[in-house]
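Okay, structure first, notes after.
Each reported figure results from applying straightforward, stated rules to the coordinates on display, with no laboratory input. The structure displayed is predicted, hence computed values, not measured ones. Don't worry about glycine lacking a Cβ; one is built from the backbone with ideal geometry, like all the others, and counts go over all protein chains shown.
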Amino acid sequence: MVAPSGRRTGAPDASAPSGTSGRGAGAAQAADAATPIVSGARTDDLGASPPAGPPAAWPALAIPAAALPGVGATRGRQLGAAGLRTVEQVLRHLPRRHEDRSRAVRLGEIREPGTYSACVTVLDVRESRPRPGLSLLQARIADGDVVLRAVWFNQGYLRRVVAPGARLLLHGRVAPDRGGGLAFRSAEVEVVRADRAATPGDPARGGDLLPVYPAVAGLAQRTLRTLVHAAVRGYAEFIPDTVPAGVRARLGLVPAATAWRGVHLPSSAAELEQARRAVVFEEIFHLQVGLLIRRRERAGAVRGFRTAPPGALTSCFLAALPFPLTGAQRRVLREIDLDLAQERPMYRLVQGDVGSGKTVVAAAAMLRAAEGGHQAALLAPTEILAEQHLLSLRRLYGSLCRVELLTGSTPRAARRRLVADLAAGNVAVLVGTHALLEPDVRFASLGLAVTDEQHRFGVRQRDALAAKGRCPDVLVLTATPIPRTLAMTLYGDLDVSLIDALPPGRRPVRTFTRPPASRERVYAFVRDLVRGGRQAFVVCPLIAAQTPTEDDIDGIEDGLPPSEGEEAAAAESFAQRLAAAMPDVRVGLLHGRMPPAVKEEVMSRFVAGEIGLLVATTVIEVGVDVPNAAAIVIEDADRFGLAQLHQLRGRVGRGPHTSYCILIARGSPQRLEVLTRTSDGFAIAEEDLRQRGPGEVLGTRQHGLPELALADPARDGGLLQEARDAARTLLAEDPLLQAPEHTYLRVAVEALFGRLRG
Ligand code: ADP
Ligand code: MG
């Protein structure tokens with residue numbers, strides 16, 4: 001029996017990426033849980049670099065966050081650790097979404113299961129441990145004479161707020177109760193202060209639309225909310241307008257100060273939408289101005305070298321490839337060759353679905369740089385992926401050129417040697433994480449900068465790597481199909497190549513959805529596969545059951561702990577159970593909180609085939625490439641976004657074996673149906689967008705565009721175009737942003753792109 005019966009909730013995997021680390025993005029509620037973003041930069045297991053926080057641009061607001069009322073040394077540190085060091089960064093800490101609590105109902109009106117908000121008084125509370133690993137908090141709640149039950153699983157720390165006599169605003173799912181009645185299950189909890197009116201519509205609460213912020217470790221959501229709002233009340237008026245007045249008037253955009261206030265403290269849905277539009281426009285406008293300036297700079301750049309035509313190294317490399325390139329790969333390589341033949345630097349995006357073989361294309365391009373006497377760098381979003389690339393590149397290059405790895409966990413002495421070697425030009429290709437961007441990492445001559453999984457980075461990081469050379473060629477790789485309008489906007493400065501075919505012999509991954517009740521059969525099947533020599537993954541959305549912290553209270557309000565109720569699989573306990581149930585299978589565990597050396601060891605044992613079944617969090621989402629892996633079971637699949645599931649599924653079906661993806665889903669498998677039907681990443685992305693487009697009050701952060709925290713591609717297409725036009729018009733009039741009225745704009749754009757030469 002392998003089905004975990006100790007139903008556990010755990011802390012969200014702080015390092016879980018995708019669609020979103022750090023903070024949630026949100027494919028409906030689902031990806032929220034599994035996929036945290038930090039505004040600005042993603043922070044996976046990206047080495048030791050502290051989060052950068054939102055970019056700062058408003059000089060008048062470069063005041064330490066500690067100046068805010070209610071922020072002392074401790075809170076200052078907590079905010080700082082999340083990259084919120086100045087008042088401006090606090091102001092730019094945008095809500096991930098807003099919860100509409102205006103529709104609070106009387107308990108008496110709740111007659112059937114559903115999602116409700118209700119203002120209640122706690123009558124009594126009981127805590128119990130029905131079995132190991134499960135703690136239960138049960139309360140009787142009342143509203144007038146009507147009494148209902150509310151239960152929370154493994155959230156014992158809530159006893160501090162769910163106390164007899166407490167007035168609470170509950171928000172969440174109401175489901176049939178054991179006794180036949182109805183009960184709130186793991187509802188989100190908001191304390192209704194005695195000094196405030198009990199009704200949710202009370203203006204003192206800042207309206208019914210309650211902003212939900214990306215979590216800051218150590219700060220409860222309501223504390224964070226109070227601090228951000230103090231910043232808004234004290235400082236929003238100093239936020240300068242960077243969008244020309246004419247454009248603002250024509251598009252009916254509210255002034256910046258109003259917009260930022262409205263996003264944090266909307267008094268109505270209409271005000272929120274108006275504010276959101278203005279903030280989105282501002283974001284896109286800055287991006288467009290910067291991209292256009294960058295493009296102009298590049299067009300005029302004279303870097304004094306062009307990459308040498310392919311020579312002996314390249315022929316050796318191509319001849320020694322373990323497989324013939326696909327037609328699509330050859331075409332993209334030709335496009336790259338044409339770019340490299342120019343003196344103008346290459347600026348190219350290679351888009352190709354998961355498994356289409358982007359790595360070998362990048363490898364060929366990097367070898368061209370090395371052959372021409374320059375160096376190449378490959379930036380990856382996670383250490384696991386960087387390590388994988390190191391292995392693949394060493395395998396592909398053999399002795400043709402020297403490849404090294406630099407990550408946040410490279411030991412100091414080794415790092416020192418590596419940095420020296422690099423500066424001396426003795427390393428041809430350097431692979432790594434954000435650690436590559438540190439200032440003391442200098443190249444003798446960087447000829448080509450490659451960013452893998454581009455959607456996990458921002459424009460700034462892409463540029464930071466390129467800035468380590470004199471106008472190097474730039475290649476960015478992504479598997480995320482981006483809607484057309486958005487691609488134009490974001491990559492308007494890039495040429496695009498498409499790897500539109502998979503290597504031959506790939507059979508589509510056979511995908512099924514199964515209810516939790518079928519787990520036993522699913523795992524019996526997986527066990528047989530592994531015994532037959534294949535390998536498999538099990539993906540769990542959470543790491544482990546553990547003592548909850550203040551942080552998890554945020555989680556509750558963020559809907560992070562199991563929104564569907566009690567049981568979210570925890571990788572740790574899962575791995576234990578599976579190991580116990582399959583004594584003849586070697587089970588491994590991988591998650592973002594493991595020390596890097598351990599992660600590395602687990603991964604290399606899996607690559608070597610020593611681990612048969614790898615239980616992991618979404619850290620394996622990008623890049624893990626083990627052709628012998630033939631099955632992936634995704635637990636709690638309904639908690640993930642479609643695009644993310646597609647990416648996870650891409651971990652299998654990379655070799656000659658028939659592969660399987662089994663989505664264990666309790667809730668609504670219809671949502672996942674598109675995955676069982678198609679393996680076309682574009683179709684899936686479209687469906688993903690359709691599913692969560694209109695439902696959310698705010699746009700999500702799932703499109704992998706950290707700069708556009710609030711943009712919603714489904715709704716903002718028109719705005720994108722407007723921003724592009726406005727940026728063009730403005731730059732035609734003032735190409736160097738020298739007019740006094742463009743000072744703030746220039747500052748904002750430079751905050752995003754670094755110094756502009758104009
Ligand atoms: P992605 O585009 O997702 O980054 P990878 O570059 O990791 O894909 O390639 C996926 C797998 O396909 C790797 O195991 C790689 O060796 C293999 N591969 C790449 N190109 C080919 C090809 N032309 N023929 C066969 N296998 C290939
Ligand atoms: Mg890849």
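Only Cα pairs under 8 Å and 6+ residues apart enter the sum, and on that basis the relative contact order of the range 78-195 stands at 23 percent. Within the range 250-294, list the residues whose amide N lies under 17 Å from a label point set 7 Å along Cα→Cβ of L736. The answer is 293-294, whose backbone nitrogens lie closer than 17 Å to the label point. Under a 5 Å amide H cut-off, with hydrogens placed 1.01 Å from N, L589 pairs with V615 among residues at least 5 apart or on other chains. The calculated FRET efficiency for the pair E273 and F238, based on their C-beta separation and a Förster distance of 41 Å, comes to about 0.95.
Length gained on full extension, Q342 to R106, computed as 0.36 nm times the residue gap minus the Cα-Cα distance: 78.0 nm.
Length gained on full extension, V161 to E600: 153.9 nm, using 0.36 nm per residue less the C-alpha separation.
Annotation: amide H-H contacts under 5 Å for Q375 (H modelled 1.01 Å from N, sequence separation of 5 or more, or interchain): S445, L446, G447, L448. Residue separation of L123 and L498 scaled by 0.36 nm, minus their Cα-Cα distance, works out to 128.8 nm of gained length. Centre-to-centre separation between the Cα atoms of the range 229-298 and those of the range 671-687: 34 Å. Counting every alpha-carbon pair across the range 219-378, the share separated by more than 23 Å comes to 61%. Between the range 605-653 and the range 112-186, what is the separation of their alpha carbon centroids in Å? Using only Cα atoms to place each centre, the spacing works out to 36 Å.
Only Cα sites of the range 374-473 enter the Debye sum here, all with the same form factor; the resulting log10 I(q)/I(0) across q = 0.17, 0.18 1/Å is -0.69, -0.78, listed in q order.
Once the Kirkwood radius over Cα pairs is known for the range 371-427, the Stokes-Einstein relation at 10 °C and 1.306 mPa s delivers a diffusion coefficient of 130 µm²/s.
Scanning residues 5 or more positions from S497 or on other chains, those with amide H under 5 Å from its amide H are L349, V350, Q351, with H placed 1.01 Å from N in the peptide plane.
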